[in-house]
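Just below is one structure, and these are the notes that go with it.
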Amino acid sequence: DALCLEELDLSVMNDLPPIDPIHVPPERLASLRRVRMVGSVSLLEHAQTWSFLAGLPNLTDLEVGLTETAALLAAEALRSHAETLCSLRRLAISAAAPTPDRVPELG
């Protein structure tokens with residue numbers, strides 16, 4: 001258990017599966033206040049990860065790099081959990097850099 005975890009940085013982690021709130025219940029991470037996921041496109045392009053993030057009871061600072069798909073999932077999750085996200089004070093969003101398997105081939 002990581003009950004005392006205050007900060008989680010999963011930057012440039014494209015090989016990780018989504019964070020499923022069934023397996024990692026966000027309500028059990030009451031000390032988690034800051035999350036940074038920049039360059040982790042595969043994590044953020046899953047509804048489970050956004051459900052986990054939106055369910056964190058004391059999240060104050062969220063920094064993410066988003067693709068269009070991830071932005072749509074984020075909007076839906078944040079909208080559906082708006083009442084429980086009252087603690088969120090800082091939301092930093094940047095455009096996600098394409099991963100090597102997403103870079104269009106030229107020529």
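The values are calculated or read from the model by the stated rules, or taken from the named source; none is laboratory data. It should be emphasised that the depicted structure is a prediction, and the values quoted were computed from it without experimental measurement. Virtual Cβ from ideal backbone geometry, glycine too; neighbours counted across all protein chains shown. Remember, those area values only see protein heavy atoms, side chains included, never the ligands or the DNA or RNA. Shrake-Rupley method; radii C 1.70, N 1.55, O 1.52, S 1.80 Å.
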Could you work out [θ]222 nm for the chain from helices alone, using -39500 (n - 2.57) per DSSP H run of at least four and dividing by all its residues? Round to the nearest 500 deg cm²/dmol. -6500 deg cm²/dmol
Taking a 1.4 Å probe, which of Val24, Val38, Val12, Val64 shows the most accessible area, and what order do the others take after it? Val12, Val24, Val38, Val64
0 to 90° range, to nearest 10: angle between helix 68-80 axis and the chain longest Cα axis: 20
Return, ordered by residue number, the residues of region 22-66 whose backbone nitrogen is under 20 Å from a label point located 7 Å along Cα→Cβ of Glu6. 27-37, 56-63
For a bin width of 5 Å, list the pair-distance distribution of the chain built from all Cα-Cα distances, rounded to whole %. 2, 13, 23, 27, 19, 8, 4, 2, 1, 1, 0
Contact order normalised by residue count of the chain, Cα under 8 Å, 6+ apart, percent: 26
So for the pair Ile93, Asn58, with labels modelled 7 Å out along Cα→Cβ, what separation do we get in nm? 2.7
Please compute the per residue accessible area over the chain with all protein chains in place, 1.4 Å probe, rounded to a whole number of Å². 61
